[in-house]
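Following: one structure in structure tokens, then a few remarks.
The values are calculated or read from the model by the stated rules, or taken from the named source; none is laboratory data. For clarity, every value in this text was computed on a predicted model and none was experimentally measured. Cβ coordinates were reconstructed from backbone atoms using ideal geometry, including for glycine residues, and neighbour counts include every protein chain displayed.
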Amino acid sequence: MTSRFHKFIKVCRVFPLGSLALAMPALSDMQSLDDADMAGISGQSGITLEMDLEVGASQLSYFDDGKGIHLENFRIGTSEAEQGPASHVIKIDIEDDASLNLDYLVDNRRIEFRDITLDGVPGRGMGGVFFDHSLAGNFRIRSGGARSAAGTTFDSVFSMTDGRLGYRTNGNEVFLDDITMNVEALGITLDVVGQGLEINVPRVTGSYDIGAIRHSGNPSNHGRSRDAQSGQLLPSYGGLSGDFDLSTRFGIAGGGRNGEGFRIDNETTIHSANFLYIDDGNALGFRDITGRYNINDLRVDVTDDWAGRRALGLTLGSLDGELAIGGIEVGQANGGTDRASFGQINLDFLFIDHAYNGRSYTNAAYLQGGGHADAGPQGLQLAAEWSLGNADLSYTEDGNRLIFSGIQSWGRGDITVNVTRDEVRNGTRFYDGLRIGFESLRGGYRINGLRVGDDNAPLQGGTELLLALGVYPSYEFDLDGHITLGAGGADGAGLTINSDIRIRDGRAAIIAAPYNEGQGERSQKGLWLTDLDYDAHVRDMTVDVTEEGLAIIKGEAWSTMDVGNLRVGDKAGGKSFGRFVVQKYETGSSMTVIPGGAGAVCAGGSGSSSSSCEASGGRWEDRGDEGVTIRLKQIFAKAVSESRKNAFTWETNRRRSGGAPVSGTGTQLVLNDIYTSDGDGSGSNSFGIQTDLAVDVYQTKVVKKTDGPDALGVSGARGDEKIMDPTRAAGYRYVSSPSSAQRQNRPLGFAVQAQSQFKELSINNIDLVHPTGGAQTMVYGVKMQNVNINANLTATPIP
Amino acid sequence: MMWIRIFSVVLGFIGLVPAGAMAELDRLTDEALSDVSGQGGIYLSGDISINENGGPIDNSYYGSCEDANKKCGARFAYRLKEDGGWMVLDDIRGNFAFEGLTLRVRSVDSGFGGDGQEFDSDVVEIGLPNIVRFNDVRFKIAASNEARPTAPNFRQTDILSVQMQGDVVMEGNMLVFPKGNP
């Protein structure tokens, strides 16, 4: 253990980590009292200190193997002005058991540093952080830890009000505003164990409210709710609210991944938690959260990343955990009972070193200063590598559970974070908000298969079901671009998103077989969009939580998906159907995601009751209160340029170069300038294509199509129904005339009730394009009018 | 709509398969498939109706299905000459249902009377439902001088009406695979 770390441990034994700033507000800053100060000390049973405190340091540094990281312009003082002290009142008592008891009041204090810099990187910083708060609390220290009498035990209870936590780069800031928080943590123990510290928090409970998350693009503002010039409230992303009941244990030891540094291990159990995102009185709630996670061998070093860039390195041995969300709901924020539920989510995960497609990945993040090169000197650059070795994600609604099993994800690249304002700076267009940039981020994910019912059910195919929710079963990509999250929705609080995303050399599966059926990993067979280039742009897309659900309104969106080869079989070597290009241009399209699925449905017939439905030949199904309904309005605009239009191109017979077909050299079929309109000749285009999709996890009727044994050797006759039966080796059997009870054990799948309608959809022209002969128009216009399609579909995974 | 998109992507390939290649392929039984690995997929059932209760336009031409003076079906028009007339499928309505349409990717490297070994490639397999039930599916084939029936001087000549009712038996698998220079 280094001598520097010995000193750190001695400090920690007096001031436990985490509680240092909140619960021990003045001890580290104690100074000698003059006569005037002494006049403020009163009381018979202890000492009361009343202090106006301001502390400043131009630089606080930490050195690791001679490499430094620095907090610049550190300050503790009042939060109400840029300068001046904060008031502290501390009552100190020695109790009968020799414990030290501190009652404290802190009024409007700000703890701040203006930048974080690294040695050897002049002129670039990670940005500044400020933390405002008033505190009232109690802190008690007594001797004796969990491991030995040499340890220490702490109790901490406090209430925080007027809280504000902000991140600032280049004069722009995003901050949590109007934070109130109550925390109780009793019996915290601190022991020296081996070469490190062990901190055990047997129970910490609390609640919090964050009134708003605000953005400011005005450099004159600094941690204020209102704009300095206009006096108007700064725009808000919405608020947060929640409570928690946790147990946690930390181990902290000296020694980084290389030389000096820290090692951190942590075990945390979430006994209960609730989390609400609040937007103008409506809440998206994640309720009844339980779980646990273990951080194993997290090392913190000041070091260089894989490209030799100086960074604060966080390298992880492994992270595993489980998370259960008892209900994802939308409803009124303040105690309203009118809530609707999407259902429940369970997640098991393991981040660990692993090889994918022949290349090994670890879990590491290297924090560097600067952010996007054109955004200014301050920002955060994250050289990140991740390896999600395995995860199972299950979705349960109305008691029916589907498990997406064997999820893996990997990648490496740079992620930049800047708080930006609406401007063109150094030739790059920025928008108001928190800008998350992606620079040469090469990553991917894949899903092994589905399990239905429980974790031990047989692995099945069917991940294609996720396409109904717009998710590919497998995707590899090279990503550049940004998503800028602005404050303020369509009305009041919410999000405004501007985004430019570019994917190169992508491989996305439309259909994908498992990558591991128990005999080791293998190349996934499927139907693949390969050699995929995708450019997508979104302007002024708003996201709001409404009484109904999550409402997303696109201002203007355009994209080009260029699939170099649509391959069947192997994603690299499978034969190709040719090249496909899909261009989209939408203005004013919207999507609302609503909790609750189809409810009671007459499948295959018509009728509003069980009897009338069955009389019409249909099947009456009550799919319950939970599920997901997606309400889409897609307004396809008429072409305004070659890059902003709706078109579809299929190209084959391309000339080859180096064995690979060259795009643009073959024969093309082009459906050009596809657009919607209201069909009245006025040119109005407000109706678009309106689609309602209600998706439930529900029992589906699966009928055997041929006599004899099936793919898993289970015998049955043509027309027999598949009935799940855990007593059978395959997990199911075939029944010729299932009883009512047996029908309750039909296999689970996705049940989709859909309605799609449009007034008019036009294709301006359909051309055949020859590489030398040019374009020949084959069809001079297509118009479809007054279309209303209703569908009841069930999709079930098959082994 | 999403499922319709998926169907449209897959079914779009059907017309692209060389007829000669398809003719030599026979249906595999479930048992024959039992030694084929990596064949997970999905099984689809359902019913789809088009303009069963009319469409979204209400004007002088389109309206309620209860109104004998108006049409409540969908309309599809296209033209092959720049200034020519329009071929029209008009008043499209109906309902069809199917059970057991399957979709998966699999390798064909045996069977088919020995052709499978020579073929030795991956295919998209669309397992046809045994029965597709058509219920009152109807449309008219017509010729028109305008795409929109509400245009001034609109004239249309109905050529014939089609109505389909009953079951269509569709057995076996449709195998879709690339052929030729992509």
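Miscellaneous remarks
- Within region B:105-124, considering residues that are within 10 Å of chain A (Cβ to nearest Cβ) and of a type outside the set (Gly, Ala, Ser), the one nearest to the chain's Cα centre (by Cα): B:Val124
- Verdict on A:Gly443 being more than 14 Å from every other protein chain (Cβ to nearest Cβ), touching a Gly at 6+ places or on another chain (Cβ under 6 Å), within 21 Å of A:Glu521 (Cβ to Cβ) and assigned to a strand (DSSP E or B): yes
- Qualifying residue in region B:122-134 (condition: of a type in the set (S, T, N, Q) and in contact (Cβ under 8 Å) with a residue 40 or more places away in the chain): yes
- Complete set of residues in region A:740-772 that are more than 30 Å from A:Val640 (Cα to Cα), polar (S, T, N, Q) and away from chain B (no Cβ under 12 Å): A:Ser740, A:Gln742, A:Gln744, A:Asn745
- Hey, B:Arg104 touching a residue at least 40 places away in the same chain (Cβ under 8 Å) and farther than 21 Å from B:Leu44 by Cα or not: no
- Residue within region A:701-712 that is assigned to a loop (DSSP other than H, G, I, E, B) and more than 9 Å from chain B (Cβ to nearest Cβ) present: no
- Subset of region A:475-513 (residues that are surrounded by 21 or more Cβ atoms within 10 Å (Cβ to Cβ), more than 30 Å from A:Asp570 (Cβ to Cβ) and not aliphatic (A, V, I, L, M)): A:His482, A:Thr484, A:Gly486, A:Gly488, A:Gly489, A:Gly494, A:Thr496, A:Asn498
- Residue in region A:671-680 that is part of a loop (DSSP other than H, G, I, E, B), modelled with pLDDT under 95 and in contact with a Ser or Thr (Cβ under 9 Å, 6 or more places away or on another chain) present: yes
- If the condition is being part of a strand (DSSP E or B) and more than 9 Å from every other protein chain (Cβ to nearest Cβ), then region B:61-104 contributes B:Met87, B:Val88, B:Leu89, B:Asp90, B:Asp91, B:Arg93, B:Gly94, B:Phe96, B:Phe98, B:Leu101.
Here is a yes/no grid of residues against (1) in contact with a Lys or Arg (Cβ under 9 Å, 6 or more places away or on another chain); (2) aromatic (Phe, Trp, Tyr); (3) part of a strand (DSSP E or B); (4) surrounded by 20 or more Cβ atoms within 10 Å (Cβ to Cβ):
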| residue | (1), (2), (3), (4) |
| --- | --- |
| A:Ser737 | no, no, no, no |
| A:Val752 | no, no, yes, yes |
| A:Lys759 | no, no, yes, yes |
| A:Leu768 | no, no, yes, no |
| A:Ala775 | no, no, yes, no |
| A:Met778 | no, no, yes, no |
| A:Lys783 | yes, no, yes, yes |
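- Condition broken by A:His482, with the remaining ones in (1) under 29 Å from A:Ala509 (Cβ atoms); (2) in contact (Cβ under 8 Å) with a residue 12 or more places away in the chain; (3) part of a loop (DSSP other than H, G, I, E, B) satisfied: (3)
- For the residues B:Gly180, B:Gly127, B:Gly111, B:Gly116, the requirement of being surrounded by fewer than 16 Cβ atoms within 10 Å (Cβ to Cβ) and among the small types (Gly, Ala, Ser) singles out B:Gly180.
- Matching residues in region A:95-142 - criterion: being of a type in the set (S, T, N, Q) and within 30 Å of A:Tyr366 (Cβ to Cβ): A:Thr117
- Hey, A:Ser405 of a type in the set (S, T, N, Q) and farther than 30 Å from A:Glu173 by Cα or not: yes
- Meets criteria (in contact (Cβ under 8 Å) with a residue 40 or more places away in the chain and over 23 Å from A:Asp454 (Cα atoms)) for A:Val417: yes
- When region A:549-588 is filtered for residues that are assigned to a strand (DSSP E or B) and farther than 22 Å from A:Gln634 by Cα, the ones remaining, listed by number, are A:Val563, A:Gly564, A:Asn565, A:Leu566, A:Arg567, A:Val568, A:Gly569, A:Asp570, A:Lys575, A:Ser576, A:Arg579.
- Criterion: crowded, with 19+ Cβ neighbours inside 10 Å, at pLDDT below 95 and not β-branched (Val, Ile, Thr) - qualifying residue of A:Gly196, A:Gly239: A:Gly196
- For region A:687-707, the condition holds for no residue, the condition being that it is surrounded by fewer than 17 Cβ atoms within 10 Å (Cβ to Cβ), modelled with pLDDT of 90 or more and not assigned by TED's automatic domain parsing to the domain that holds A:Tyr732.
- Filtered residues of region A:250-295 (kept if among the polar types (S, T, N, Q) and more than 15 Å from A:Leu197 (Cα to Cα)): A:Asn258, A:Thr268, A:Thr269, A:Ser272, A:Asn274, A:Asn282, A:Thr290, A:Asn294
- So A:Val183, is it surrounded by 18 or more Cβ atoms within 10 Å (Cβ to Cβ) and touching a Phe, Trp or Tyr at 6+ places or on another chain (Cβ under 7 Å): yes
- Across region B:148-177, the qualifying residues are those that are of a type outside the set (S, T, N, Q), surrounded by 15 or more Cβ atoms within 10 Å (Cβ to Cβ) and over 23 Å from the mean Cα position of the chain (by Cα), and the one among them that is nearest to B:Ser107 (Cα to Cα) is B:Arg148.
- Looking only at residues of region A:384-415 that are among the acidic types (Asp, Glu) and assigned to a strand (DSSP E or B), we find that the one that is farthest from the chain's Cα centre (by Cα) is A:Glu397.
- Members of region B:38-60 that are within 7 Å of chain A (Cβ to nearest Cβ), under 21 Å from A:Gln753 (Cα atoms) and assigned to a loop (DSSP other than H, G, I, E, B): B:Asn51, B:Glu52, B:Gly54, B:Gly55, B:Pro56
- Qualifying residues in region A:519-548 (those that are touching a residue at least 40 places away in the same chain (Cβ under 8 Å) and in a loop (DSSP other than H, G, I, E, B)) - the one farthest from the other protein chains (Cβ to nearest Cβ): A:Glu547
- For A:Asp678, the stated conditions hold: it is touching a strand residue (DSSP E or B) at 6+ places or on another chain (Cβ under 7 Å), surrounded by fewer than 22 Cβ atoms within 10 Å (Cβ to Cβ) and of a type in the set (D, E, K, R).
- Those residues of region A:149-185 which are on the phi < 0 side of the Ramachandran plot and either polar (S, T, N, Q) or assigned to a loop (DSSP other than H, G, I, E, B) (or both), in sequence order: A:Ala149, A:Ala150, A:Gly151, A:Thr152, A:Thr153, A:Ser156, A:Ser159, A:Thr161, A:Thr169, A:Asn172, A:Thr180, A:Asn182
- A:Leu165 closer than 30 Å to A:Ile252 by Cβ, of a type in the set (A, V, I, L, M, F, W, C), assigned by TED's automatic domain parsing to the domain that holds A:Thr78 and in contact with a His (Cβ under 9 Å, 6 or more places away or on another chain): yes
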